[in-house]
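J.: Quick one: the structure is below, and I'll ask about it shortly.
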Amino acid sequence: MMKHILLVTLSVAWAGTAVAADAAIRVGLTGPFTGGAAPLGVSIRDGVRLAVAEINAKGGVHGKQIELIERDDESKPERGVQIAQELINSEGIVGAVGIANTPVAIAASRFYQESKVPIIIPVATGSVVSRQFMPPEYSENYIFRIGAYDTIQSAMMAELMVKGRGVDKVAILADSTNYGQLGQADLEVALDKLGVQPVATEKFNVRDPDMTPQLLKARAAGAQAVFGYALGPDLAQVANSMAKIGWKVPYVTSWNSSMSNYIDNAGANGEGVYMPQTFIQDEGVSEAWTRFIKAYQAAYKVDRLPSPSSAAQSYDAMLLLAAAIAQAGDGADGAAIKQALEGLKDPVDGVITDYVAPFSAQDHEATEASHVVVGVVKEGRVAFANDADKARVGR
């Protein structure tokens with residue numbers, strides 16, 4: 001591994017500050033830095049800042065420093081659209097990293113696409129996000145992604161219960177957003193492939209305070225396990241409502257139960273939940289994982305990462321974008337950078353994995369099923385659910 005993640009806090013502090021415009025490569029950075037999805041957005045921001053600090057300390061790209069233009073999308077699709085237009089039209093970015101929420105990604109992506117500015121989305125997992133502009137319907141696609149998108153997650157969730165536990169009666173609780181409903185649809189497909197039909201599918205709105213009615217219906221239908229598709233705070237409400245009615249069955253969610261506001265809001269009720277993850281805050285996996293964890297903790301003065309997978313995926317996304325900018329050549333435009341992303345010549349040593357040609361013109365997903373492990377909340381942290389996964393991803 002040639003990775004040397006900087007531990008110097010000052011390097012991170014200046015990574016996102018303004019530098020001389022004629023000497024900077026301007027890159028957009030956006031996510032929900034405030035609100036209920038803030039653990040995702042802050043982790044995106046801080047993971048990208050770490051990568052930029054490292055790149056700039058080594059001389060930047062083509063001898064130029066990377067300047068981050070940061071914007072808070074507040075988890076609002078309309079704000080994401082406004083930010084995309086501002087970054088492209090007013091700030092002159094050559095590429096972007098960011099967006100945590102599927103509804104925001106769906107709304108904002110078309111502006112990056114139409115302006116031919118590549119964006120690597122490190123968190124929004126709706127399966128459609130990176131595929132809205134794929135050939136042959138479109139001649140080129142400017143939307144890339146790192147992260148276990150919902151097709152991967154739902155298959156893992158279904159297999160964990162059906163194959164791993166022999167469960168054939170399941171309930172799905174999903175929020176009413178595009179994220180929850182698209183995730184539910186992917187999960188239903190994954191279950192159908194295993195010969196299982198949900199005995200209950202229930203919807204709830206974001207920030208609903210009590211999921212008891214939905215859970216009572218699921219229990220009455222004979223469900224032996226509950227699947228949840230939502231963000232951390234709402235997944236916590238499901239866990240709390242299960243405890244309220246005294247219903248103890250396996251609880252498996254999309255990856256967001258790793259968010260700090262799931263763990264904190266659910267407390268003891270959140271223990272034992274399973275979820276797919278690409279990165280877990282465990283220093284015993286590999287040198288790359290340990291260096292990243294320690295760098296993040298030192299730079300941001302935290303012990304527990306708010307959303308470990310978000311932080312690591314965003315760090316890796318910035319490394320990939322920088323590699324494409326370097327390959328495209330000094331002064332290259334978005335079209336050239338997009339082409340470079342689709343044909344990276346040199347491997348990129350990331351935190352989650354070592355990326356060898358992670359993208360192509362036909363496939364803009366950098367994450368494979370082999371990169372994903374099963375996590376479990378244990379004693380207020382996310383841990384590996386099994387030792388085999390931990391050994392598999394170590395390198």
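J.: Being in contact with a His (Cβ under 9 Å, 6 or more places away or on another chain), farther than 20 Å from residue 147 by Cβ and surrounded by 22 or more Cβ atoms within 10 Å (Cβ to Cβ) narrows it down to one of 352, 325, so name that one. It would help to see each step written out before you state the result.
T.: Working: 352 fails: farther than 20 Å from residue 147 by Cβ.
So the residue among 352, 325 that is in contact with a His (Cβ under 9 Å, 6 or more places away or on another chain), farther than 20 Å from residue 147 by Cβ and surrounded by 22 or more Cβ atoms within 10 Å (Cβ to Cβ) is 325.
J.: May I pose another question? Filtering region 46-79 down to residues that are touching a residue at least 40 places away in the same chain (Cβ under 8 Å) and within 18 Å of residue 231 (Cα to Cα), which residue is most open to solvent (accessible area, probe 1.4 Å)?
T.: Looking at the filtered set, the residue picked out is 74.
J.: Please verify whether region 297-311 includes one or more residues that are more than 25 Å from residue 266 (Cβ to Cβ), within 18 Å of the chain's Cα centre (by Cα) and crowded, with 23+ Cβ neighbours inside 10 Å.
T.: Within region 297-311, none of the residues are more than 25 Å from residue 266 (Cβ to Cβ), within 18 Å of the chain's Cα centre (by Cα) and crowded, with 23+ Cβ neighbours inside 10 Å.
Each row is one residue, and each column tells you yes or no for (1) among the hydrophobic types (A, V, I, L, M, F, W, C); (2) within 19 Å of the chain's Cα centre (by Cα); (3) part of a helix (DSSP H, G or I).
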{"position": "238", "(1), (2), (3)": "yes, no, yes"}
{"position": "247", "(1), (2), (3)": "yes, no, no"}
{"position": "257", "(1), (2), (3)": "no, yes, yes"}
{"position": "268", "(1), (2), (3)": "yes, no, yes"}
{"position": "272", "(1), (2), (3)": "no, no, no"}
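J.: Of all the residues that make up region 120-130, how many are within 10 Å of residue 105 (Cα to Cα) and either over 10 Å from the mean Cα position of the chain (by Cα) or small (Gly, Ala, Ser) (or both)?
T.: In the first step, residues of region 120-130 are kept if they are within 10 Å of residue 105 (Cα to Cα); the result is 121, 123-126, 128-130.
Narrowing further to those that are either over 10 Å from the mean Cα position of the chain (by Cα) or small (Gly, Ala, Ser) (or both): 124, 126, 128-130.
Residues that pass the stated criteria total 5.
J.: Those residues that are out of contact with any Gly (no Cβ under 9 Å at 6 or more places or on another chain), among the β-branched types (Val, Ile, Thr) and in contact (Cβ under 8 Å) with a residue 60 or more places away in the chain, I need them from region 126-159; list them, please. Full working, then the answer.
T.: Residues of region 126-159 that are out of contact with any Gly (no Cβ under 9 Å at 6 or more places or on another chain), as a first pass: 128-141, 143-145, 147-148, 151-152, 155-159.
If we keep only those that are among the β-branched types (Val, Ile, Thr) too, we end up with 128-129, 143, 151-152.
Listed by number, the residues that qualify are 143, 152.
J.: Of everything in region 63-89, what is in a loop (DSSP other than H, G, I, E, B) and of a type in the set (S, T, N, Q)? Give them in sequence order.
T.: Of everything in region 63-89, just one residue is in a loop (DSSP other than H, G, I, E, B) and of a type in the set (S, T, N, Q), namely 75.
J.: Of the conditions (1) in a loop (DSSP other than H, G, I, E, B); (2) farther than 20 Å from residue 292 by Cα; (3) under 21 Å from the mean Cα position of the chain (by Cα), residue 376 fails just one. Which one is it?
T.: (1)
J.: Please verify whether residue 333 is on the phi < 0 side of the Ramachandran plot and free of Cβ contacts under 8 Å to residues at least 60 places away in the same chain, treating the condition exactly as stated.
T.: The answer is no for residue 333.
The values are calculated or read from the model by the stated rules, or taken from the named source; none is laboratory data. Not measured: the values here are computed from a predicted model. Cβ sites come from the backbone with ideal geometry, for glycine too, and all protein chains shown count toward neighbours. Remember, those area values only see protein heavy atoms, side chains included, never the ligands or the DNA or RNA. Shrake-Rupley method; radii C 1.70, N 1.55, O 1.52, S 1.80 Å.
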